[in-house]
1. Listed residues Ala134, Ala108; which is at pLDDT 95 or above, small (Gly, Ala, Ser) and not in a loop (DSSP other than H, G, I, E, B)?
2. Are any residues in segment 40-61 assigned to a helix (DSSP H, G or I), of a type in the set (D, E, K, R) and over 15 Å from the mean Cα position of the chain (by Cα), and if so, which ones?
3. Identify the residue in segment 15-24 that is of a type in the set (A, V, I, L, M, F, W, C) and touching a residue at least 24 places away in the same chain (Cβ under 8 Å) and, among all such residues, is surrounded by the most Cβ atoms within 10 Å (Cβ to Cβ).
4. Among the candidates Ser158, Ser125, single out the residue that is of a type in the set (Ser, Thr, Tyr), surrounded by fewer than 18 Cβ atoms within 10 Å (Cβ to Cβ) and part of a loop (DSSP other than H, G, I, E, B).
5. From Ala57, Ala100, Ala51, Ala83, grab the single residue that is surrounded by 12 or more Cβ atoms within 10 Å (Cβ to Cβ), among the aliphatic types (A, V, I, L, M), at pLDDT 90 or above and in contact with a Phe, Trp or Tyr (Cβ under 8 Å, 6 or more places away or on another chain).
6. So which residues in segment 71-87 are more than 21 Å from Cys38 (Cα to Cα) and touching a residue at least 24 places away in the same chain (Cβ under 8 Å)?
7. Among the numbered conditions (1) in contact with a His (Cβ under 8 Å, 6 or more places away or on another chain); (2) without any contact (Cβ under 8 Å) to a residue 24 or more places away in the chain, tell me where Met104 comes up short.
8. Looking only at segment 31-48, which residues are out of contact with any strand residue (DSSP E or B) (no Cβ under 9 Å at 6 or more places or on another chain) and surrounded by fewer than 18 Cβ atoms within 10 Å (Cβ to Cβ)?
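The values are calculated or read from the model by the stated rules, or taken from the named source; none is laboratory data. Everything numeric in this text was worked out from a predicted model, so none of it was measured. Neighbour counts are summed over all protein chains in view; Cβ atoms, including those assigned to glycine, are modelled from backbone coordinates with ideal geometry.
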Amino acid sequence: MYIIDTDALLSIPGLVQADQLNYLLEELVELVEDGKLCFPDYVIAECRRIANGEDIALWVRSISGSRVHKSVAYAFTMQVMSAVPELLDEDTEDESSQVAVAAMACYASQALDAQDVCVVTEDRSALPTRICLADACAELQIQEISVMEFLKRESLSSYLLDGDA
């Protein structure tokens, strides 16, 4: 199972040929419906706030009801906050999708075989106010990959710009 974050979703349009974006998103629908790809509700809100009206934000909202996992028990959020409190950006009023993604990954790791859980993120650089999700995944012992690696693993690299395939 892949849990994808906002940064990864928002990077997709820049990685694919413009005329191929909607075809790629159609391919991702099947992964969502099959339970292989999911994202927490916070990602939907963040995509709406950051990329309102853009194709990727519209896709996220349209597919949100088809997700097998939409949210997880608060205990998993507390587990993340206990293990990596530096992931929470206390300087913002917005909810933290990074914490929600990590919590969903913790849930999935415990509910499924941990080897089958992977966070897809482009959040790879620490900010002055929090660590990045990639570093948090390392501390939580959760596998993480880039969106490009995810697309390659799922045999979707034909949609990538010529130089990235």
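1. Testing whether each residue is at pLDDT 95 or above, small (Gly, Ala, Ser) and not in a loop (DSSP other than H, G, I, E, B) leaves just Ala134.
2. Selection gives Arg49, Asp55.
3. Per the criteria, the residue is Val16.
4. Residue meeting the stated conditions: Ser125.
5. Numbers: Ala57 fails: in contact with a Phe, Trp or Tyr (Cβ under 8 Å, 6 or more places away or on another chain); Ala51 fails: in contact with a Phe, Trp or Tyr (Cβ under 8 Å, 6 or more places away or on another chain); Ala83 fails: in contact with a Phe, Trp or Tyr (Cβ under 8 Å, 6 or more places away or on another chain).
Answer to the check: Ala100.
6. Matches in segment 71-87: Ala83, Val84, Glu86.
7. If we test Met104 against (1) in contact with a His (Cβ under 8 Å, 6 or more places away or on another chain); (2) without any contact (Cβ under 8 Å) to a residue 24 or more places away in the chain, just (2) comes out false.
8. Passing the criteria: Glu33, Asp34, Gly35, Asp41, Ala45, Arg48.
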